[in-house]
Amino acid sequence: MTATSAVIGLAWREARAARRRLALLVGAIAVGTAALVAINAFTANLRRSVAGEARALLGADLSFASRARFTPRVDSLADSLACGGSTGCGNRATVTSFAAMAYVPARAGVRLVRVTAVQGGWPFYGQITTTPAGAWSTLQGARVALVDPALLTALGAAPGDTLALGRLRLPIAGTVDRVPGDIGIAAAFGPRVVIPGALLEETGLLQFGARAEYEIFLRLGPEQDPDAIAKQHRPALRPERVRIRTVQDEQQSLGNALERLGRFLGLVALVALLLGGLGVASAVHVFIRQRMETIAVLRCIGATTRQVFSVYLIQAAGIGLVGSVVGAALGLAVQLALPSVLGDFLPVQVEARAPWPVVALGVGLGLWTALAFAILPLLGVRQISPLATLRRPYDASVRLTRDRWFWIAAGGLGLSVIAMAVLEAGHALRGLAFAAGIGVTLVGLAAAALALVRGLRRWFPHRLPYVWRQGLANLYRPANQTVAVVLALGFGVFLLATLVLVQHNLLRDLRVGDGVARPNLVLFDIQADQAPGVDSLLRAGGHAPPAPIPIVPMRIQALDGVPVRPAAVDTTDRPNQPSGWAVRREYRSTYRDTLVGSERLVAGKWWRTGEQDPAGEPVSVSVEVEVAAELGVDVGDEITWDVQGVPVRSRVTSLREVEWARFEPNFFVIFRPGALEAAPQTYVTLVRVDSAAARGGLQRAMVERFPNVSTLDLSTVQRAVDDILRTVAAAIRFMAGFTLVAGLVVLLGAIATTRLQRMRETVLLKTLGATRRQVVRIVLAEYLALGLLATAAGLCLASGAGWALAHWLFETRFALPGGALARLGAAVIGLTVVIGLWTSLEAFRRTPVEMLREE
C-alpha cells in the first residue's frame, strides 16, 4: 500500500467514525453554495432571457423620445428612416404617454392612470397579451380603450363599461395583460390605459404644463444598422433634447439594472457561504483538540506531520466537495422559486436552466471556502508531538505557536474572502467595501462573544441558582463554541435587522395615515384660470387648502454668461461647465419668501420677506446643493434661464439641502418673488382629507369639473411604495434567510462536535444527583445566553449600519422600530433555545450506566 492510499484510507475511516458531525458541516457548506448557485443561475438565465427578447422589449429597431412635441426636423428624419429600408414606408409608429384621471361615469371611483396613446403598428416585434385575445390588433380601427386589469378592480368596472378620460368617452374593450418590458409593480402607481393615438386631441388633457412623453418607434430594413444610425444622429438631436434608443441600448440598460440586483443578492448569498466556512473552521479546531491523542499515536507509529495533516485536509476537501455538489443541486431547485419572489420586477419571462459554468463556479467556491477556513486550525496538527500520548491524562490542551505558516494561511484566507467578494460584486471597489463590511461585522460579533467569555470568567455571577451558574459556565468551558455560534447567528440577525431598519426609515416619511397632520391629497396641473374654481370646490367640501404653489417650467440658457450647449459644450471659457442631465433637463421652479420643513439652508443667505431685487439686477435664486454641484455653480454665480422663450437672469444667493423622501412639493430652484409672476404657470395645491370616502368623492367632483386637473391620493402612493419595498425586502429576506439557516446549521454542528463531551458532563451531573429537570434547565440557560448574546450583538451592529445607511445613503432621519426588532430577536432566541434543547434530548434520556458501558 502506498503512502497516498494509506492517507486516503485513514481519512475515510476517520470520516466514517464521525458521520453525524461531518454531515452537519456538509450542510453548512451546502446552504451557502445553494444560495450562491441559485442567485447566479437565476441572474444568468435572466440575462439570457433579456438578450433573447431585447427587440421585443423595445418593440422596434429604433426609437426617438422627448418630453416635448417633436420638431418638424425630427419628424422629417423619422419619416426618411422609416421609408429608407427595403420594406418601404409604414414602419413608423408614435406613442404618447402621460398621467391623467380616469373614471367610469356609472361607478363612483376615480383613479390616476398612465394613458398610452398609440398610433401605428407598434410594437413591430413581440406581442402584447390582451383579454380577449387579439384586442390589440383592433385598437387602431375602433373607438375603444384597453385597460390594466388592476383598473377594473379599482373602479369596480367591467369590459363594456364607458371610461371617461378628460372630454373623451370610450367603451372598455378588454384588458392589457402583459406588455414586453413592462414591470408589474408599475400598476401600483398608475394602471395603464391604452387608446388610439388618433383620439388623443379629443381628450383635451395635454394643456400647458402637462408632462407627457412623446416617442417615435421605427422598424428599419435589414440593410439599415440601428446602432450606426443612432451614433450618426445623436449629436445633432441632443440640442433638440431628443433621446435615441436602440435594441442594444435597451438590452444594455435593462441588463445592467438586473445585473446589479443579481450582484447584490449574490453578495448576501456569499455571507451564508462564508458562515459555513466559519462553521468548518470552528468544528475542525475542536475536532483537532479532541483527536490529539489519536494524532500523537499516529506520530508514534511513524506517521509524518505531512501525512497527518493530509488526512484531515482530505476530510475538509471532502466536506467542501460533497457540500458544494449538494448545494449546487439544491440551488438549481431554489432558482425556480425566485421568479415568483421577484415577479413584479421582472420585465421578461425567465426560463429556468442549469448554466453549468455557474454551477462549476459555485462548486469551486464551496470547495475553496471549506479548504481556506479549515487550513488555519489544521496547522495545529504540526505541533502535536508523540509525547502528547503521555501528557494527555494530565494536559488536555496544546500550545499552538503562530509561526510564518500561520500568518501565510491567515493572509491567504483574508485574500480569499476579498477575491470572492470582488468576484460576486463584479467591481473591485464594491467588493473591497463589502469584504471590509463583513470584516467589521465579524470583528464586532467576535469581540462581543469574547467579552462575554472573559467577563464570565472574571466576574462570574456566583449568587445565581446552581443550574444557571452551570449553564453559563458552559460558555467558557474547554473546547466551547461560543464565538462560532455568536458569529453565525449574529450575522443572520445583523442582515435581517438591517433590512428591517432600512425599510422602516424609508417608509416613515411617507406615512400620511390617520394621526399625522400632513396633506394626503395633491392636486396638480391646475391652470391659472382654474385656481379660483378649485379653491372654491375645496372650501365647499369643508376643506381649507393653503395658498396654491405656482410652478413655472424653464430651461438653463447660460451659466455665468456662457451659453450652454448640451450637444457639445465648449469648456474653454468655463472649464467646469457640465453637459449632463443638469443642463439638459426642464426645471419646474417656483417662487416664495420662506423655507419649508423639508429644506435646510447650507450656504448663503435667504432673502427677506417682502423685499425685491433692484431693477435691472439678476433675480435672487436658491439652488438645491446637489444640482448646484452638477452645474458647477456656487453662491454668487449667475444662471440665465429660458422661461418660455424669455431670458431671465438670476444670481445664486443660497444653497439648500432638500429631504426628497417627504411628500411635499420640493424644488431644485426657488426664485425670489417679483420675477416670475407674469410667466405662464400652473399650480399645485395640497389638502388633507381624513376620510377615504371623502377623498374619493372630492377627486370625482374635481375631475368632472376640471378634467385636466390630476389628483394624487398619497395614501395610494404610500401603499404602492409599501408594495415595492415589500417585494424588494422579500427578495433580500429570502437570501438573508439562507444566512440565518447557515447559522443554525453551524449551531447544530457545534453541538454535534462537542456531543461526547456534553454526554459525559450530563452523565456526571446525573451521577452526582442532578435530576432531568435540572439538566434541562442547565441547557436552557446556556442556549438562552447564546441566543441573547448573538441577538443583542447583531441588533447593535445592525443599528449602527442602519443609522449609517439612513444618514449617508438615503439622507433621512433615523429611528428604531422597537416592536419589529423585538419580534425578530425573540424569534432568533427562541430558535436557538429550541435547537439546543432538541439536540440535547439524547443526553437527557441516557442513563449513567449506558454511558459507562460505552466507555
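The values are calculated or read from the model by the stated rules, or taken from the named source; none is laboratory data. Being a predicted model, the structure only gives us computed values, none of them experimental. Note: ideal-geometry Cβ built from the backbone for every residue, glycine included; neighbour counts use all protein chains shown. Side chains included, ligands, DNA and RNA excluded: accessible areas come from the protein's heavy atoms. Shrake-Rupley method; radii C 1.70, N 1.55, O 1.52, S 1.80 Å.
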Whole-percent carbon and sulfur share, accessible surface of the range 573-709, 1.4 Å: 49 percent
Distant-in-sequence amide H partners of residue 684 (H built 1.01 Å from N, under 5 Å): 549, 551
Probe 1.4 Å - accessible area at residue 613, Å² to nearest ten: 40 Å²
Area accessible to solvent at residue 223, 1.4 Å probe radius, in Å²: 110 Å²
For the range 492-505, Karplus couplings with θ = phi - 60° (6.51, -1.76, 1.60), whole Hz, Gly/Pro x: x, 4, 4, 5, 5, 5, 4, 4, 4, 5, 4, 4, 5, 6
Accessible surface of the range 44-141, 1.4 Å probe, proportion on carbon and sulfur as whole %: 54 percent
Using θ = phi - 60° and Karplus 6.51 cos²θ - 1.76 cosθ + 1.60, couplings along the range 273-278 (whole Hz; Gly, Pro as x): 5, 5, 5, x, x, 4
Selection of chymotrypsin sites (Phe, Trp or Tyr not before Pro), the range 419-507, meeting DSSP coil and at most 14 other Cβ within 10 Å: 459
Karplus 3J(HN,Hα) series, Hz, for the range 30-46 with 6.51 cos²θ - 1.76 cosθ + 1.60 (x for Gly, Pro): 5, 4, x, 5, 4, 4, 5, 5, 4, 5, 5, 5, 4, 4, 5, 5, 5
Heavy-atom accessible surface of the range 201-268: percent carbon and sulfur, 1.4 Å: 51 percent
Amide H contacts under 5 Å for residue 557, placed H, 5+ residues apart: 640, 641, 642
Per residue accessible area of the range 30-179, 1.4 Å probe, in Å²: 37 Å²
Nearest-10 value in Å² for the accessible area of residue 340, using the 1.4 Å probe: 100 Å²
